[in-house]
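Worksheet: the structure to be examined is printed underneath.
The values are calculated or read from the model by the stated rules, or taken from the named source; none is laboratory data. Computed from a predicted structure; not experimentally measured. Cβ coordinates were reconstructed from backbone atoms using ideal geometry, including for glycine residues, and neighbour counts include every protein chain displayed.
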Amino acid sequence: MPISTFKDVKSFLFDNLSTRQTIFKNTFWLGLAEGFGKLSKLVLLIYVAKILGATEYGKFSFALAFVGLFGVVASLGLSRIVVRELASGQEKEKEISSLLFLRILLSLVALALILSGSFFVTQEPLIRKVIWILGLYFLLDTFASFLNFFFQARQKMEYESWTRILRALALTGLGLFVIFSFPSLVNLSYAYLAASLIALILVLIFFHIKVAALSLSFNKSIWRDYLAMSWPLALSAFFAMVYGQIDSVIMGYLNQLTQTGWYNAAYRVVGGVLIPIGLVSTSFYPALSRAFKESREKLQKIWNYQSELMLFLALPMTVGGIILAPKIIDFIYDQTYVSSVLAFQILIVMAGIAFLQSPFSSMLLIFNQQTKFLWSGLLGAAVNIGLNLFLIPRYSLYGAALAAVITAAVVLFLYVWLTLRFTSARIFNLRFLGTGLLAALSTLIMYFVITIPGVYNLNVVFSIIIGALIYFAVFFAAKFTLGYTKPFFRI
């Protein structure tokens, strides 16, 4: 649609007008929320790491990782099923009150497990107390996140964006105030809890006004139907949670608390790099769900778009991250975190693989193949736990990072095979291969440019900007030279 007036801009950013415009609108809002949220939390954790030091930060990371293991109990895989089902029609929205009640009950079960489990993973009373406080924070925060999936079902990601920014503001503001004024692990944990409570109250009010009047109802048949669809995703999410958190838990259990701090310092930065995965996948998923019901040809086109976009982003991010890792870690933290550099270089490879996984996981879920996540998650968790138990005692944080990379590669292979076997998706085509070749060529030229001493020795922000500009310029120049006059990514 042509955009020439304020009314046009407002319509473009707030209304669902077409598939392409809706995806762009949703990506814009989610990108805004993800960027602000990740950046603000990264700033908070940077100061936490600097002020408290690697050992205390390691204790906090260990507690947060342990609490995170129980996130799957609080959701049981319902989130994406809720988006898929509610996106199919507004008559499904009458089930919201029952789903909210179910989510509350699951949260209470998760909290009980966190409290009891804390007595087995640590004998240090301080860490145990931090686990209890963060357990309450985590459940309040994840409940607020659960509400956002109702916004996703309506493809109104602008609402989700506002609530996520609100939560990030509360957490970062209170966290920075406490870490500068009353620096301690317990006080920081209380700041997390207070921020989550304030944000949840405001999100509930917003949800009541914009989505549905808040109410709770007990409906066993609705619970049974949703849990029957979500249990494979729940088990898969549990396995994913295990190999996403178990490394920090094992290091903390082995009393490698300083190493846990170094490892999580690297992992937090990689988490920022992974922002595009979340926002692109979340933006595409409702559109893919609708296309599945309308036209397999349209579904394939949208999925191709997502796959090319992920490949386009993965290559330069991985190579650039490896080259600039020492400067990135030094810029964000300080020389006391130099041990985080190699961990970051290894983990950035895992991030690149994760980019490539995303389209395949979306397609499997669209085709109602939730049980396939169970088996891939089980194998991934088994591989990751085995590797961590073997590598961490020998190589500490570097062993944990290597285990993450190998696990991601195994899961990617499984996702590709399962997508070929159980969906109608056509994976490898000339357009996808063309994107890969152009991205590889552009990445190679970017590599040579950013390794020039005059560019490498600049402030890392300028090095990254120059590398990105070179990559985009070469990619689109090559595309134009080869005669692609239409948009390379096209729905």
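Results for (1) within 19 Å of the chain's Cα centre (by Cα); (2) farther than 30 Å from F60 by Cβ; (3) not hydroxyl-bearing (S, T, Y), shown as yes or no for each residue.
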residue	(1), (2), (3)
Y267	yes, no, no
Y285	yes, yes, no
A291	no, yes, yes
M317	yes, no, yes
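Of all residues in segment 319-352, those being in a helix (DSSP H, G or I) and crowded, with 20+ Cβ neighbours inside 10 Å number 20.
Per the listing S339, S295, S289, S307, the residue uniquely among the hydroxyl-bearing types (S, T, Y), at negative phi and free of Cβ contacts under 8 Å to residues at least 24 places away in the same chain is S295.
Tallying residues that are touching a Gly at 6+ places or on another chain (Cβ under 7 Å) and crowded, with 19+ Cβ neighbours inside 10 Å within segment 50-60 yields 3. Check whether at least one residue in segment 479-491 is surrounded by 15 or more Cβ atoms within 10 Å (Cβ to Cβ) and modelled with pLDDT of 85 or more, and report yes or no. For segment 479-491, residues surrounded by 15 or more Cβ atoms within 10 Å (Cβ to Cβ) and modelled with pLDDT of 85 or more: absent. Looking only at segment 143-159, residues that are under 15 Å from the mean Cα position of the chain (by Cα) and modelled with pLDDT of 70 or more come to 2 in all. In segment 167-176, the condition of being assigned to a helix (DSSP H, G or I), closer than 26 Å to S361 by Cβ, modelled with pLDDT of 85 or more and out of contact with any strand residue (DSSP E or B) (no Cβ under 7 Å at 6 or more places or on another chain) is met by at least one residue.
Just one of (1) within 28 Å of L274 (Cβ to Cβ); (2) among the small types (G, A, S); (3) surrounded by fewer than 22 Cβ atoms within 10 Å (Cβ to Cβ) fails for A228. It is (1).
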